[in-house]
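Asker: Below is the structure I would like to discuss, written out as structure tokens.
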Amino acid sequence: MDGKFASHIPDAARRGALTEPITCGGPPGPSFPAGAVIGTSPQWLSILKRATQVAATQTTTCLQGESGTGKEVVARFIHGVSSHRRGPFVAINCAALPETLLESELFGFERGAFTGAQQSKPGQIELASGGVLFLDEVTEMPLTAQAKFLRVLQEREFIRLGGSRPVKVSMRVIAATNQDLRRAVAQGRFRDDLYYRINVFEIGIPPLRERGLDVLLLAQHFLEELARTNGGPVVELTPRAQDALLAYHWPGNVRELRNVLERAAIVCEGPVIDTEHLSVAGPEEAPSAGSTNLGTLERHAIEQAMRDLAGNKKRAAQRLGISRTQLYCRLRKYGL
Ligand SMILES: Nc1ncnc2c1ncn2[C@@H]1O[C@H](COP(=O)(O)OP(=O)(O)OP(=O)(O)O)[C@@H](O)[C@H]1O
Ligand SMILES: [Mg+2]
């Protein structure tokens with residue numbers, strides 16, 4: 001971080017706390033190129049703290065968060081700081097495979113288990129032995145597979161499709177979902193006994209729009225990464241572009257941020273990205289000239305003060321003419 005965003009970056013970040021990538025052990029995955037975990041917001045630091053706490057145990061963990069918030073990043077972080085780091089990190093997306101295929105992928109099969117099974121094959125559970133099995137979109141696991149997977153968590157063993165001999169496994173299980181697991185249970189889509197086994201330790205990952213200045217740290221990280229990949233200097237963001245990134249609501253979270261910057265770096269055709277290069281809608285609730293909605297005006301004034309004063313709450317409260325406690329209440333109220 002070279003002071004480009006000096007007006008926006010809080011003290012902790014300027015001191016360098018966690019602005020440098022943390023390198024996690026284990027094989028880098030497709031969406032985790034350099035093992036980088038970027039963020040200094042209190043929300044993100046508390047996630048890393050919980051992740052580190054659970055990594056020191058064998059406890060099954062469930063990561064809950066909107067799409068693109070970094071669930072796999074956190075899963076790989078847990079793997080990287082846990083005693084399983086020398087073992088594999090095996091990810092399986094329960095939503096990506098049809099029911100029958102998911103079972104054979106998970107549990108493996110013996111020769112002759114079904115038409116076409118000419119050779120026996122180990123499943124992802126076996127392949128994850130000694131490491132981490134990451135079950136992405138776990139709410140999409142069909143009920144029959146859920147019943148079988150429950151046994152993996154309870155007995156630490158399973159039977160290959162078409163097999164009769166139980167196979168013992170030892171691994172850490174991390175599940176992820178962008179849905180409400182409890183609601184899936186209430187709707188009968190997810191077994192409640194599996195829910196209690198999976199959700200022993202839950203980590204909720206907040207959306208990017210609630211992580212304050214992390215947007216700019218991540219933006220800087222992605223722009224540096226793009227420069228490394230494409231060759232050439234790091235493209236910079238104008239202050240107006242930084243404001244636009246901070247004001248946008250990021251429904252696609254970190255993944256969307258990365259895509260927006262990748263596109264912007266192409267269309268800006270130069271060393272600087274400005275607002276016209278960013279394919280983000282303007283701040284959704286920014287008050288239009290003449291807006292009379294008090295809530296909108298208040299939120300905007302608070303956002304503006306926090307941005308101008310680099311997140312310094314004491315000075316922001318002074319500028320807004322309210323007490324620090326009142327500012328904290330309003331920050332919570334508006335999810336800032
Ligand atoms: N804190 C972070 N630091 C660096 N890169 C991040 C961070 N969070 C997310 N990313 C990047 O953003 C992208 C999306 O992250 P990830 O795949 O972990 O999200 P997800 O929550 O698993 O998304 P989905 O719900 O769509 O599966 C990836 O390219 C990832 O490398
Ligand atoms: Mg994911």
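The values are calculated or read from the model by the stated rules, or taken from the named source; none is laboratory data. The model shown is predicted, which means the values in this text are computed figures rather than measured ones. All Cβ positions, glycine included, derive from the backbone under ideal geometry; neighbour counts span all protein chains shown.
Asker: Out of curiosity, is Val90 surrounded by fewer than 24 Cβ atoms within 10 Å (Cβ to Cβ), in a strand (DSSP E or B) and in contact (Cβ under 8 Å) with a residue 12 or more places away in the chain?
Answerer: So Val90 passes the test.
Asker: For the range 129-142, does any single residue satisfy the condition of being touching a helix residue (DSSP H, G or I) at 6+ places or on another chain (Cβ under 6 Å), more than 30 Å from Arg209 (Cβ to Cβ) and at pLDDT below 95?
Answerer: Within the range 129-142, one or more residues are touching a helix residue (DSSP H, G or I) at 6+ places or on another chain (Cβ under 6 Å), more than 30 Å from Arg209 (Cβ to Cβ) and at pLDDT below 95.
Asker: Within the range 126-133, does at least one residue satisfy the condition of being within 16 Å of ligand 2 (Cβ to nearest atom), assigned to a strand (DSSP E or B) and crowded, with 17+ Cβ neighbours inside 10 Å?
Answerer: Yes, the range 126-133 contains at least one residue that is within 16 Å of ligand 2 (Cβ to nearest atom), assigned to a strand (DSSP E or B) and crowded, with 17+ Cβ neighbours inside 10 Å.
Asker: What is the number of the single condition among (1) within 30 Å of Thr100 (Cα to Cα); (2) within 16 Å of ligand 1 (Cβ to nearest atom); (3) of a type outside the set (Asp, Glu) that Leu226 does not meet?
Answerer: So Leu226 meets the others, but not (1).
Asker: Determine which single condition Phe109 fails, assuming it passes every other condition in (1) surrounded by 19 or more Cβ atoms within 10 Å (Cβ to Cβ); (2) within 16 Å of ligand 1 (Cβ to nearest atom).
Answerer: (2)
Asker: Tell me, yes or no, whether the range 106-114 has at least one residue that is more than 16 Å from ligand 2 (Cβ to nearest atom), touching a residue at least 24 places away in the same chain (Cβ under 8 Å), assigned to a helix (DSSP H, G or I) and assigned by TED's automatic domain parsing to the domain that holds Arg172.
Answerer: yes
Asker: If we scan the range 197-209, do we find a residue that is part of a helix (DSSP H, G or I), over 20 Å from the mean Cα position of the chain (by Cα) and at pLDDT 95 or above?
Answerer: For the range 197-209, residues part of a helix (DSSP H, G or I), over 20 Å from the mean Cα position of the chain (by Cα) and at pLDDT 95 or above: present.
Asker: Another question, then. Check whether at least one residue in the range 276-296 is among the polar types (S, T, N, Q), at pLDDT 85 or above, buried (at least 16 other Cβ atoms within 10 Å of the Cβ) and within 24 Å of the chain's Cα centre (by Cα), and report yes or no.
Answerer: Checked against the condition, which is being among the polar types (S, T, N, Q), at pLDDT 85 or above, buried (at least 16 other Cβ atoms within 10 Å of the Cβ) and within 24 Å of the chain's Cα centre (by Cα), the range 276-296 yields no hits at all.
Asker: Looking at the range 163-179, which of the residues that are within 16 Å of ligand 2 (Cβ to nearest atom) and in a loop (DSSP other than H, G, I, E, B) is nearest to the chain's Cα centre (by Cα)?
Answerer: The selected residue is Asn178.
Asker: Hey, can you tell me all the residues within the range 184-199 that are out of contact with any Cys (no Cβ under 8 Å at 6 or more places or on another chain) and closer than 18 Å to Lys71 by Cβ?
Answerer: Those that are out of contact with any Cys (no Cβ under 8 Å at 6 or more places or on another chain) and closer than 18 Å to Lys71 by Cβ: Ala184, Phe190, Tyr195.
Asker: With respect to Arg189, is the statement that it is in contact with a helix residue (DSSP H, G or I) (Cβ under 9 Å, 6 or more places away or on another chain), of a type outside the set (Asp, Glu) and part of a helix (DSSP H, G or I) true?
Answerer: For Arg189, the condition - in contact with a helix residue (DSSP H, G or I) (Cβ under 9 Å, 6 or more places away or on another chain), of a type outside the set (Asp, Glu) and part of a helix (DSSP H, G or I) - is not met.
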